[in-house]
Structure formats: structure tokens, C-alpha cells
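The values are calculated or read from the model by the stated rules, or taken from the named source; none is laboratory data. It should be emphasised that the depicted structure is a prediction, and the values quoted were computed from it without experimental measurement. Glycine gets a Cβ as well: all are built from the backbone with ideal geometry, and neighbour counts include every protein chain shown. Areas reflect the complete protein model, heavy atoms only, side chains present, ligands, DNA and RNA absent. Shrake-Rupley method; radii C 1.70, N 1.55, O 1.52, S 1.80 Å.
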Amino acid sequence: MEVSPSVPALRLRLASPVAGEEELEAIRRVLASGQLTNGPETARFEEEFARYHEVAHGIAMANGTVALAAIYLALGLGPGDEVIVPSLTFVSSVTSIVHVGATPVFAEIDPVTYNLDPDDVVRRISPRTKAVLAVHHGGQPAALDKLQEVTDEAGIHLIEDAAEAHGAVYQGKPVGGWGIAGMFSFTPTKNITMGEGGMVTTNDARVAAQLRLLRNHGQSALYRHETLGWNWRLSDIQAAMGRVQLTRLPGIIEAKRKKASWMEDRLRSVDGVRTPRVLGGAEHTYMLYTLWVDSQRDAVLERLLADGIEGRIYFPPVHRQPLFMGLGISLPVTDEVAGHILSVPFHSRLVEEELEDVASSLTRAAQLTQRPQSADVR
Ligand SMILES: *Cc1c(COP(=O)(O)O)cnc(C)c1O
């Protein structure tokens, strides 16, 4: 991500991937084997990732965006079909729907968890609705039990955008297996990464088979093309690295949970800044640490950047992007949330002094910008 020239060098970055000798060793093994794609590393990564998330099938993909498009295609979604999505997400949760010719329909989010509001989802269901895409914002599972009830009742698919939520759990069950299919991404800001990469999880053998065809030119055997497909494969080099990354995941999540509880204690007495709230039954994995700033969020962000601490808005709402602005969509809760959220550095390698650095910068910024409480949606 480019930093504008007026911003001083950032001392603390939002993300910092953990990778070392073990990954290099795994990559060397693939290079020595001579099989760089379509090989055993991909198959093992799929099995291990699926087992970790307690689902029957893992289908590795080139990235999370095409993984989503592949899910829609595997389910037969296309022109005339609607998919309900939140707007406070990465743009490709939505553009992947457009790419297959279907129509995204935005629903509001819960202003505490930033995840889909199941009651608003119900209001957006039409005879054309075929699926609901539940995004797990920053690693916090959406209200999957309620969303499952809603989609079961309507006879439509629940799909999970778990791009940010590897290893997250809701009511004792990992994300990725709640709906017909779940998607994960491995770009460098996520909790584990191979630079690029994606994964679909599903318990449905037919969907899994369809996804395998779609990602490899529709081939059922060499040069036998059953259906219209793409090259959406992950390489064995990435898969080998992914297998090592997966072994690091429990440690990364545990480290982040400890930091989250440290920050909660530290910021409790700071007026104007509220720490993330975790939904009952949810086990958050803190890919993001998203604060709620009561007033003058942009001034607080500027203060942080001036202190050399990276901060970012995850995400400027998709319905406000030039791409979708012409549609005149109104989402007041989402807009309100987008005006208060601020994600701060929260990678697994931050030491206590660095967390303190973030906390004291926030404290100073909040003191400078504090105003009498205005009414908000929380
Ligand atoms: C990262 C991300 C994606 C896209 O994944 P890529 O691997 O970058 O294509 C989609 N949705 C969400 C919520 C993400 O965070």
C-alpha cells in the first residue's frame, strides 16, 4: 500500500507477515521435486486446511476474489440472481458477484460487530435472491446462527466470506463450514499469507467437484474440457508455504488475543475511544483491531500517522465507491459506522512497548479531539 509523501515514515505498520526458515525449506522441497503446480503440496494444503476448519473439502484457488466468483459459478448463479452483501467490506466481496453477471444487494450491518444485520437481510430478500454473503469483518464471525436460520427459511444459500477469519469459531464451530461454501484469502494483511492465494471450504461434494473443474479450465482429464473454466489454480510453491503458515496460525491467533485483552485494559479509561466488542459465542481472530472513535475520527487518524503509526479505515463502504455511486444506495447505519471506525497496527509480532506506543498516541489524539458526546448509533 502506498503511503502519501506528506506522511512521515511509519514506525508501526498494520500488518507484518511471519515467515522464515520453515517456509524457505518447504519451498526448496517443491523446487527440488520439479512439480510446481497441480501437485501433492496443493492436495495436502487443501486437506490440512479443511481439517482445521472441520469441513469435508478444501479447494485451493489463485486468490480470494476468484474463489468467490468460482463459488457463485459452481452454484449456477448469474444474470437475474441477487446476492445480499454488506457494504463495509473489501470491494471484491461485491465485484465478484458483478463479475458473474449477478446483482449485489446491500444490507445494513450491526453497528457493534460491523457484520451483517440478520433482520435487515430479511428485509432485502426478494424472489430473485439466491444467496447471502456473510463477511466476517476483521476476523470476528458474523451472527451465523441467525443468518443460517434466515437463509434456511428463505431456501437460499449462505456463503461465508471468511477472507479475514482463518481459524475463527462461532458457537464452537469453525467458520467456513456454516454455509454451502466459505472463502479464505492469503494476501499479506491476513493472519497467514503466501503473498497471494485463496481457498474454498465446503461440505458439499458436488460443489467441490464443480469448483475443481472451474479452477482448471473445466478439465476432467488432461485436455478433456467438460465445462467453461479458468486458470484459477494455486501453485505448489504457494501451497507448500501455506502448509507451514497453517501450523503458525494457532500461535498467531493466541498472541493476538492476548494483545487484544492488554489493549482493552489499557484503553478502558481513555474517553472517546472504544475497543472492539466481541459477539457472544464468537471467537475473534483479530486480523484487524478496529476501534470506534467517538468524534473527529479523521483527526485522530492524522495524529496517529504523524506519530509514525499506521492507521486505516477498513473499509470505506463499497456503495460509496465511484463504481457503485450511480445507484443511489442509502445505508445510513453503514455510513455512520464508516465515519467512526479506525484500524490500528495489530500484527502478532508487536511487543508491549509498541502496543503502549499505539495506546499513548491514541490517548493524546483522543484528548485533543474530544468533544461533548454526540448521539451515535451505538
Ligand atoms: C482480502 C479480502 C478479499 C479478497 O481476497 P484476495 O485474495 O485479495 O482476492 C475479499 N473479501 C475480504 C473481506 C477480504 O478481506
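Plainly put, region 125-181 has a radius of gyration that is 0.97 times its Kirkwood radius, both from alpha-carbon atoms, as the Rg/Rh ratio.
For region 319-331, putting each phi into the Karplus relation 6.51 cos²θ - 1.76 cosθ + 1.60 with θ = phi - 60° gives couplings of 5, 8, 6, x, 4, 10, 5, x, 7, x, 7, 10, 9 Hz, in residue order, rounded to whole numbers and with x for Gly and Pro. A 1.4 Å probe run over the chain, with the rest of the protein chains in place, finds 43 Å² accessible per residue. Report summary: the helix-based calculation at 222 nm, which adds -39500 (n - 2.57) for every DSSP H run with n ≥ 4 and divides by the residues of the chain, gives -12000 deg cm²/dmol. Using only alpha carbons, region 1-121 has a radius of gyration to Kirkwood radius ratio (Rg to Rh) of 1.06.
What percentage of all Cα-Cα pairs in region 125-251 are separated by more than 26 Å? Across region 125-251, Cα pairs with separations above 26 Å total 29 percent.
Using θ = phi - 60° in the Karplus curve 6.51 cos²θ - 1.76 cosθ + 1.60, the 3J(HN,Hα) couplings for region 288-298 round to 10, 10, 9, 8, 10, 9, 4, 9, 6, 3, 5 Hz; x is entered for Gly and Pro. Note that the chain carries a Kirkwood radius of 21.4 Å, evaluated over its alpha carbons pair by pair. Take the Cα of ASP152, step 7 Å toward its Cβ, do the same at GLU22, and the gap between the two points is 3.8 nm. Taking N as the residue count of region 15-83, its C-alpha radius of gyration divided by 2.2 N^0.38 Å amounts to 1.46.
The local environment of GLU82, defined by Cβ-Cβ distances under 12 Å, has a net charge of +2 under the rule Lys, Arg +1 and Asp, Glu -1.
With a simple spin-label model that places each label point 7 Å from the Cα along the Cα-to-Cβ direction, the separation between GLU47 and ASP335 comes to 5.3 nm. When the chain is treated as a Gaussian network with alpha carbon springs shorter than 10 Å, the biggest mean-square fluctuation among SER343, SER330, SER93 belongs to SER330. Computed across region 242-283, the Kirkwood hydrodynamic radius from all distinct Cα-Cα pairs reaches 12.2 Å.
Share of the chain's accessible area from carbon and sulfur, percent, 1.4 Å? That fraction is 53 percent.
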